[in-house]
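Student: My questions all concern the structure below.
Values in this text are rule-based calculations from the coordinates and carry no lab data. Since the model is a prediction, treat every value here as computed from it, not as a measurement. Here Cβ is always computed from backbone atoms with ideal geometry, including for glycine, and neighbour counts include all displayed protein chains.
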Amino acid sequence: MRTGRVAALLLPPTATPDATRLIAARTTRAFADGLVSVLLPAYLSALGYTAVQIGGIVTATLLGSAAFTLGLGLLAHRWPARALLLSACALMLGTGLGFAAVRDLLPLLILAFVGTLNPSAGDVSVFLPLEQSLLASQVEPEDRAALYARYNVAAAGSASLGALASAFPEPLARATGLALADAMRLAFLVYASAAIGAAFLYAGLRSAGVPTADAPRVPLARSRGIILRLSALFTLDSFGGGFVVQSILALWLFQRFSFSLTDAAGFFFAATLLSGVSQLMSPLLARRIGLVPTMAFTHIPANLFLVIAPFMPTAPLAVAFLLLRMTLSSMDVPARQAFVMSVVPPEERAAAASVTNVPRSLGGGLAPLLSGGLLAASSFGWPLVIGGMLKITYDLLLLRGYRHHVASRPG
């Protein structure tokens, strides 16, 4: 079934109406994620927290996301996906209201761990495995990478607008006389409002009401081996990525080049937009060279740019290399999502998406804390160098192990 004239122009022709709802919900959440990921380090700094404490809060968000995502993925085959998504929206609503109200460190750490706050421009929350597994069945297999690309591009465009909106607290504070921290706190109310909007969209899903009759008793009964091996590789990639999540990168720009919120908002707007639009090329490249080569051959140069950026003596040069990195760094995402969904049977997709996405939180969970310590000791971008080298190692191992896998072949 096609999704209507507008959706048919934007989505693959075999996409269902539920694909449109899932993408719209992801887009709604992405705006809020882009907004708070840039503001979070500035807001916590305004409250008087150190770089190490900020890194600790970011780490708590990632570790909590890992725990909840893993638990959800392993149980998702037994519960209606719609109900799980609506429950996640309720948790997102509570997270936004909590961060708007709480100032003390211990409650913030607890909120960060149990909530859905996302310190990255991408999604590392409990929503992701549910959405990915549902999307896999909303399109024919040959259009799966294209659908994931549009899913990610829509989210990236929305997140870039959220990042741009992070500049507004400064003029708002000047115009109203509010303290800057109070002006930034309003962003968390926007985050809570996005949860309500996403819940409305999830409530209308048609194909996520009840578990399928062939739902397995044990998750990943048939595909456990390959999923665990891929998860180990993704853990390495995510550990490297944890050194440069958006909140940590913003903190480095604040320290190294004295960026204002306006400067950071402009940079992350451009970076997120470039990252998203470039993903449209991923399905085209994958059809020619395969899914795994697409992942590795775009990721390696992106991470070389990341390693080079800290050595640049001026802000314009550093920003230039970071933007070059962002034009390539996310082209692997649709290919990775399509590859994972291709190597597991349909009834195991939710568990596979969960287990392979947990490393994005767990593998990167300790890295922000380490990054905070490195930035407290020096404004040089050691987190960028370390993160880039770790991610290049992942790319080479992935290419060696899965380049010739049948699910990666063009076609």
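Student: Which angle between 0 and 90 degrees, to the nearest 10, do you get for helix 349-362 versus the longest principal axis of the chain when only C-alpha atoms count?
Tutor: Helix 349-362 and the main axis of the chain meet at about 20 degrees.
Student: By how many degrees, between 0 and 90 and to the nearest 10, does the Cα long axis of helix 367-377 differ from the longest principal axis of the chain?
Tutor: Once rounded, the angle reads 20 degrees.
Student: Hey, another quick one. Calculate the dipole size of the stretch 180-319 relative to its Cα centre from +1 charges on Lys and Arg beta carbons and -1 charges on Asp and Glu beta carbons; express the result in debye to the nearest 20. Walk me through the numbers before you get to the answer.
Tutor: On the way: 9 positive and 4 negative charges, 116 e Å.
With only Lys, Arg, Asp and Glu charged at Cβ, the dipole is about 560 debye.
Student: Can you grab the distance from the C-alpha centre of the stretch 41-67 to the C-alpha centre of the stretch 362-405, Å, no decimals?
Tutor: Here the two parts' Cα centres lie 18 Å apart.
Student: Could you check the spin-label model distance between ALA83 and GLU140? Points 7 Å from the Cα along Cα→Cβ, value in nm.
Tutor: 3.5
Student: Still on this structure: Determine the sum of side-chain charges near SER329: Lys and Arg each +1, Asp and Glu each -1, restricted to other residues whose C-beta is under 13 angstrom from that of SER329.
Tutor: Residues close to SER329 contribute a combined charge of 0.
Student: What FRET efficiency do you get for VAL406 and LEU105 if R0 is 51 Å and r is their Cβ-Cβ distance, rounded to the nearest 0.05? Spell out each step's value before the answer.
Tutor: Numbers: r = 50 Å, r/R0 = 0.99.
With a Förster radius of 51 Å, E is 0.50.
Student: Using only Cα atoms and rounding to the nearest 10 degrees, what angle (0 to 90) does helix 105-114 make with the longest principal axis of the chain?
Tutor: 10
Student: How high is the relative contact order of the chain, in percent, with contacts defined as C-alpha pairs under 8 Å that are six or more residues apart?
Tutor: Worked out over the chain, it gives 29 percent.
Student: Projecting each Cα onto the charge dipole of the chain (Lys/Arg +1, Asp/Glu -1 at the beta carbon, about the Cα centre), which of ALA195, SER87, PHE339 comes out farthest on the positive side?
Tutor: Projecting each Cα onto the dipole axis, the largest value belongs to PHE339.
Student: What does the charge count near THR393 come to, summing +1 for each Lys or Arg and -1 for each Asp or Glu among other residues with Cβ under 12 Å from its Cβ?
Tutor: 0
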